[in-house]
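Throughout, read-outs are computed from the coordinates displayed, never taken from laboratory work. Here the structure is a predicted model, which means the values were calculated and not measured.
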Amino acid sequence: MSAVFLGPVVSFVLAATPPPEFDPATVTPGPAGFVAIAVVAAGTVLLAIDMARRVRRNTYRAEIQERLAAEMAAKAAADAGAEDPSRPKA
């Protein structure tokens with residue numbers, strides 16, 4: 001059913017589109033466009049490297065905090081076990 005309506009719509013759009021007033025082969029961004037895209041690409045790469053470095057640093061910090069918390073919990077448990085008066089001494 002949509003194919004029935006698609007043909008006339010496409011032909012109307014193509015008929016209503018004016019011809020280009022310029023030669024598409026001669027319109028190029030030139031050196032300024034190349035420099036602009038190169039700057040954007042370099043900035044993107046530098047931002048990606050910086051983000052990866054920051055994520056890695058935060059991951060290492062979280063791992064160290066978990067290790068320290070586990071060590072402190074183990075030490076507290078060992079201290080509580082050594083000072084427990086209800087525990088018989090050997």
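Applying 0.36 nm per residue to the separation of ASP50 and ALA62 and subtracting their alpha-carbon distance, the gain on full extension is 2.5 nm. Across region 49-62, coupling constants 3J(HN,Hα) worked out from phi with the 6.51/-1.76/1.60 Karplus curve, θ = phi - 60°, read 5, 5, 5, 4, 5, 5, 5, 4, 4, 5, 5, 5, 4, 5 Hz, and Gly and Pro carry x. The phi torsions of region 28-36, fed into the Karplus equation with coefficients 6.51, -1.76 and 1.60 and a -60° offset, translate into couplings of 9, x, x, x, 5, x, 4, 5, 4 Hz, rounded to whole numbers, with Gly and Pro shown as x.
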